[in-house]
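**Student:** Handing you a structure now.
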Amino acid sequence: MHDRDTERSATATKRRSMKYVEEFRDPVIARKLAGEIHAAVHLDRSYRLMEFCGGHTHAIFRFGIHQLLPENIEFVHGPGCPVCVLPASRIDIAITLALQEPVILCTFGDVLRIPGRKGRTLLSARGQGADVRIVYSPLDALQFAEKNPERLVVFFAVGFETTAPATAAAVLHARRQKLNNFLVHCSHVLTPSAIQHILESPELRQWGAPALDGFLGPSHVSAIIGCRPYEYFAEEYRRPVVITGFEPLDVLQAVGMLVRQINEGRSEVENQYTRLVTREGNCAAQAAVAEVFELRKLFEWRGLGPIPYSALRLKQEFVDFDAEVRFPIAVDPVPENRACACGAILRGLKKPTDCILFGKACTPERPMGSCMVSSEGACAAYYNYQGLQ
Ligand code: SF4
C-alpha cells in the first residue's frame, strides 16, 4: 500500500476509534452547558452534589469540570471506588491465603497496593514468596486454573455490581467444566445499600450529616442494575438522582439536570446516560448474579463500617467454589490509621486536603490510606489533577 494510503487509513482508523469519545469532550459544547448552569443556579443557595462513583471523581478532576461551574456548586466525593472501601482485614485475609501452598491468588492490579495491617500489601506478600497474579477479568483466573491443575487458583473478587456478573459467569463456567481447582473469595459490594447508609447512618448524625442536595448516579453500575433501584431512596429521602456517563459533557449535562430538579423541588431519578443505561438494566447479568450469589447479612466497608445487606457471597450450592469456606481464615479487625481521613472522605464529610498526611506522608507512590491507592480514589484524584503535589 502507498504511504499516503497507509496514512489515510491510519487517520480513518483513529477517527473511527474516537467515535463516541471526542464527541463527548467538545470544549465548545462544554462551555455552552456550563453557561446554561451558570444561568440556572440560584445565587442565594448552595448545591452539594455527591458523585457516588470514583470514575466520576476522576473525570471531574481530570477534565477540570469543577472549574467551569459556579462556586455554589460543590462536588462531594462518595464511596464508589471498590478499592477504597475494601477493609484492611479483607486484605489481611487475602495475604494469608496467598501465602498458602498451593494457592495462586489472582486479583485486579489496584488491589495489590491496598494497605492491610501495618501497611502490608499483597505486593509485599509477593516478596515473601506468595504467588499473586494480576488479572483483568476472573476469566483470566479461570485460564490459570485450567492450565495449572496441580495448583489451587483463588480469584479475590472485589468491586460493585459492575464486576459481579463476570465473577458469576466464571463460577458457572467452572461448574460446567467441573474445575475443582478454581475458587472465589468474594468481596463484591452493592451501591444502593451504601447510598442509603450514607443518607441515614447514626454515625453520620454524630459526625454531622452532610447536607446533600442530589446524586450523580454511577454509570457502569447502572448499566447492570438499571435506574429502578434508585427510585426508592429518591422518593424516600427526597434527593434527586441523575445517572450519568464518565465523559465531561455527560457530567455537565447531568449537573444541569440536577440543578433544574433542585430548583423545581423535584426528587426524581433521571437518566442522562441513555446510550447505555435503561430502567431495567442488563437482565442477563442480573440473572447470573442471582443464580450464584446471595446477600450477606452484614459487611464491613472501609471508612463506613458494617452495612447490612450491602455485599454478596456465594450461595450454598456453589460452596465447592467458595474460598471463604475452604479456607476459613479469621483475622482481628484492623484499626484505621488515626491520622487518615478516608472514613470522613468516603462519607462526604471531608476533602482530601483536610487530611494532614495528604501529599506529605501519603502520596500515590506511598499510599497510607485506600483513597490514595486507586486513581478513582478522591485523594489520588486531588493529588494527580489539582497540582497539589
Ligand atoms: S491523604 Fe492518605 S492518609 Fe489522608 S485521607 Fe487520603 S488516603 Fe488517607
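The values are calculated or read from the model by the stated rules, or taken from the named source; none is laboratory data. Owing to the predicted nature of the structure, the values given are computational and were not obtained by experimental measurement. Every residue, glycine as well, gets a Cβ built from its backbone with ideal geometry; the counts of neighbours run over all protein chains shown. The accessibility values were calculated without ligands, DNA or RNA, using every heavy atom of the protein model including side chains. Shrake-Rupley method; radii C 1.70, N 1.55, O 1.52, S 1.80 Å.
**Student:** Quick one: PHE182 ticks every box in (1) modelled with pLDDT of 95 or more; (2) open to solvent by 10 Å² or more (accessible area, probe 1.4 Å) bar one, so which box is it?
**Tutor:** Against the list (1) modelled with pLDDT of 95 or more; (2) open to solvent by 10 Å² or more (accessible area, probe 1.4 Å), PHE182 comes up short only on (2).
**Student:** Same structure, new question: Scan segment 117-132 and report the pairs whose first residue is basic (Lys, Arg) and whose second residue is not in a loop (DSSP other than H, G, I, E, B), with Cβ atoms within less than 7 Å and a gap of 6+ or a chain change.
**Tutor:** Going by the 7 Å Cβ cut-off, the qualifying pairs are ARG117/ALA88; ARG117/ASP92; ARG120/ILE95; ARG126/VAL132.
**Student:** In segment 115-152, which residues are over 22 Å from ALA88 (Cα atoms) and in a strand (DSSP E or B)?
**Tutor:** LEU152 - this is the single residue of segment 115-152 that is over 22 Å from ALA88 (Cα atoms) and in a strand (DSSP E or B).
**Student:** Does VAL289 count as near the ligand (Cβ under 9 Å from one of its atoms) and out of contact with any Gly (no Cβ under 6 Å at 6 or more places or on another chain)? Step through it out loud before you land on a result.
**Tutor:** Numbers: near the ligand (Cβ under 9 Å from one of its atoms): no; out of contact with any Gly (no Cβ under 6 Å at 6 or more places or on another chain): yes.
So VAL289 fails the test.
**Student:** Can you pull out every residue in segment 310-346 that is within 8 Å of the ligand (Cβ to nearest atom) and surrounded by 20 or more Cβ atoms within 10 Å (Cβ to Cβ)?
**Tutor:** CYS340, ALA341, CYS342, ILE345
**Student:** Looking at the structure I just gave you, is PRO364 buried (at least 16 other Cβ atoms within 10 Å of the Cβ), farther than 19 Å from PHE160 by Cα and within 8 Å of the ligand (Cβ to nearest atom)?
**Tutor:** no
**Student:** While we're looking at this one, here's another question. Look through VAL269, VAL277, VAL334, VAL319 and report the one residue that is more than 23 Å from ILE198 (Cβ to Cβ) and in contact with a helix residue (DSSP H, G or I) (Cβ under 7 Å, 6 or more places away or on another chain).
**Tutor:** One residue alone meets the criteria, VAL319.
**Student:** Another one. Taking the criterion of being of a type in the set (S, T, N, Q) and over 21 Å from ILE114 (Cα atoms), would at least one residue in segment 314-330 satisfy it?
**Tutor:** yes
**Student:** In segment 347-361, how many residues are open to solvent by 10 Å² or more (accessible area, probe 1.4 Å) and near the ligand (Cβ under 6 Å from one of its atoms)?
**Tutor:** 3
**Student:** Considering only segment 224-332, give the helices (runs of 4 or more DSSP H) lying wholly within it that have at least 1 residues that are within 30 Å of PHE182 (Cβ to Cβ). If you could, list the steps in order and put the result at the bottom.
**Tutor:** Values: elements: 231-236, 248-264, 283-292, 323-326.
Hits in segment 224-332: 283-292, 323-326.
**Student:** For PHE299, indicate whether it is more than 8 Å from the ligand (Cβ to nearest atom), over 22 Å from the mean Cα position of the chain (by Cα) and among the hydrophobic types (A, V, I, L, M, F, W, C). Let's see the steps before the verdict.
**Tutor:** Values: more than 8 Å from the ligand (Cβ to nearest atom): yes; over 22 Å from the mean Cα position of the chain (by Cα): no; among the hydrophobic types (A, V, I, L, M, F, W, C): yes.
For PHE299, the condition - more than 8 Å from the ligand (Cβ to nearest atom), over 22 Å from the mean Cα position of the chain (by Cα) and among the hydrophobic types (A, V, I, L, M, F, W, C) - is not met.
**Student:** Against the definition (part of a strand (DSSP E or B) and hydrophobic (A, V, I, L, M, F, W, C)), how does PHE61 come out, yes or no?
**Tutor:** For PHE61, the condition - part of a strand (DSSP E or B) and hydrophobic (A, V, I, L, M, F, W, C) - is not met.
**Student:** Given the conditions (1) touching a strand residue (DSSP E or B) at 6+ places or on another chain (Cβ under 9 Å); (2) more than 7 Å from the ligand (Cβ to nearest atom); (3) not basic (Lys, Arg), and given that CYS371 satisfies all but one, which numbered condition is not satisfied?
**Tutor:** (2)
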